[in-house]
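The values are calculated or read from the model by the stated rules, or taken from the named source; none is laboratory data. Since the model is a prediction, treat every value here as computed from it, not as a measurement. In this analysis, Cβ positions are derived from the backbone assuming ideal geometry, glycine residues included, and neighbour counts consider all displayed protein chains.
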Amino acid sequence: MRNISKSKFLSGVQCEKKLFFDTHRRELKPPVSPEQQASFDMGHAVGLLAQDYFPGGMDATPDEDRNYLIPIANTRRWINEGVQTIYEATFSANGVFAALDILHHQEEERWAIEVKSSTSVKDYHITDASLQFYAMDQAGFRPDRFFLMHINNAYVKNGPIDPAGYFVLEELTDKVVNNQAWVAKKVNELRNMLEGEEPQVGIGPHCGSPFSCDYKGHCWGHIPENSVFDLYNSRGKEWQYYNNGIVDLRDIPDIDALGHRQRLQVEGRIQGQRYIDEEKIQEFSQNFQYPLYFFDFETIFTGLPVLDGTRPYQQVPFQYSLHILSEDGTLEHKEFLATAQNFNTTNAQDPRQQLIQQLHTDIGPTGSIVAYNASFEISVLNGLAAAFPADAEYLLGLTHRFVDLLVPFQSAWYYLPEMGASASIKSVLPAIAPEFSYDDLVIGNGGDASSIFHSMITGDFVGDEAETRRHLLAYCERDTLGMVVIWKEVFGDLV
């Protein structure tokens, strides 16, 4: 009889074929991406911090060989001995297996506590908890209460993170108890499925909900590029097309019923047709005033705050790049990159203040500040203004000078077929300037830049820090240079 673990149960609830592949065809699973690993690492770090909420517990974490027989035996023995708190308490019975983040006994009640790095309870958390409750009940250790411990997004760091303020305990007992009959039925269905042939499950919305499936590359192999799933702002219409046998964008029959941006995309696919609304572009060009400051922030966005005065998942800037284009065509570059050690050195100046000081030097009193998706840069500046009232007038003054380079593409005033369904700079830039590339860079995207700098702050970074700082600067500089390239192509002859 095959064990059904928590992770397997979640896979099977999302898609039986996903669970079948997890069990029988793991060679189809791609390597863990840096973004996934960063998420796993964050979850692990939050889980360790949660143990400080209930300190002094016994740890049932398995050894490196992942032999769960010992954790199961230890959990049973410690419960029977009256141990108040057990971390990674492990239960197995009737082919169901689950490890619980924290088992705690409070006033003769048994509390089951699962820790998540989210800031609220999600539907799949309840599914997760329901299977854990079932495993504990089957093993003879039914909990009296079940809690989800998640992050309090209103928590503000002030010194070492205080678990009592950082976490929220949200009770799920009634919900997981009400799910027990369903869990028992689903466990049997999944176990029987695993003993048979590969289930015949077609692609569907479940491929991305609640998680993007690791096996999507395999199951979606028959879907070509420029399919109905690439249709801009499709809002579920792609599945209507697909279920009616329409896969390629060129085969969509009701083009006249599509929105303007969607029609441009389909016509671009059929005829290679460009679209430029010269009147709208000309009108928008009046927003640019020299000198032009092409600006881009890089930020840390982590569940564990890295600076006093910041909240979980707050965008904390650590770097910016600035290309300054004068009316005579002169292009100058400025940049800022914080020192990672200043994020956790007690008497160091707040690195955000250092950033603000350099902004005062680098950005003059007149001229447009140009960003791509400027709402992000504006939100970061608003956050800085809230944190540093003495600089608020200056920072808020900057926000009123922004011109968003995204607007002409998002509004479909300028469209090239190579842009496909996206108006992001990662789609627009190669369409406008195919020769422009990030391929020669060691760090080629913002997610990697953020996670690498974060590892420098936490002390987990391995490598040549000075060399890596040069790579961080090179990446951010390339981003703002790309904006200059786009601006010159679209507006260079108009301003």
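Quick grid of which residues meet (1) of a type in the set (G, A, S); (2) within 30 Å of L49 (Cβ to Cβ); (3) in contact with a strand residue (DSSP E or B) (Cβ under 9 Å, 6 or more places away or on another chain):
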{"residue": "I151", "(1), (2), (3)": "no, yes, yes"}
{"residue": "N192", "(1), (2), (3)": "no, no, no"}
{"residue": "G202", "(1), (2), (3)": "yes, no, no"}
{"residue": "P210", "(1), (2), (3)": "no, yes, no"}
{"residue": "G221", "(1), (2), (3)": "yes, no, no"}
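Please state which of the following conditions L231 fails to meet, knowing it meets all the rest: (1) in contact with a strand residue (DSSP E or B) (Cβ under 9 Å, 6 or more places away or on another chain); (2) in contact (Cβ under 8 Å) with a residue 60 or more places away in the chain; (3) over 30 Å from A129 (Cα atoms).
The one condition L231 does not meet is (1).
Take the residues in the stretch 250-285 that are in a helix (DSSP H, G or I) and among the β-branched types (V, I, T), then tell me which one is surrounded by the fewest Cβ atoms within 10 Å (Cβ to Cβ).
Restricting to residues being in a helix (DSSP H, G or I) and among the β-branched types (V, I, T), the top hit is I255.
Considering only residues that are at pLDDT 95 or above and in a loop (DSSP other than H, G, I, E, B), look in the stretch 340-382 and name the one that is surrounded by the fewest Cβ atoms within 10 Å (Cβ to Cβ).
Here the residue is P365.
Could you please find all residues in the stretch 376-425 being within 26 Å of the chain's Cα centre (by Cα), farther than 30 Å from Q273 by Cα and of a type in the set (D, E)?
The answer is E377, and nothing else.
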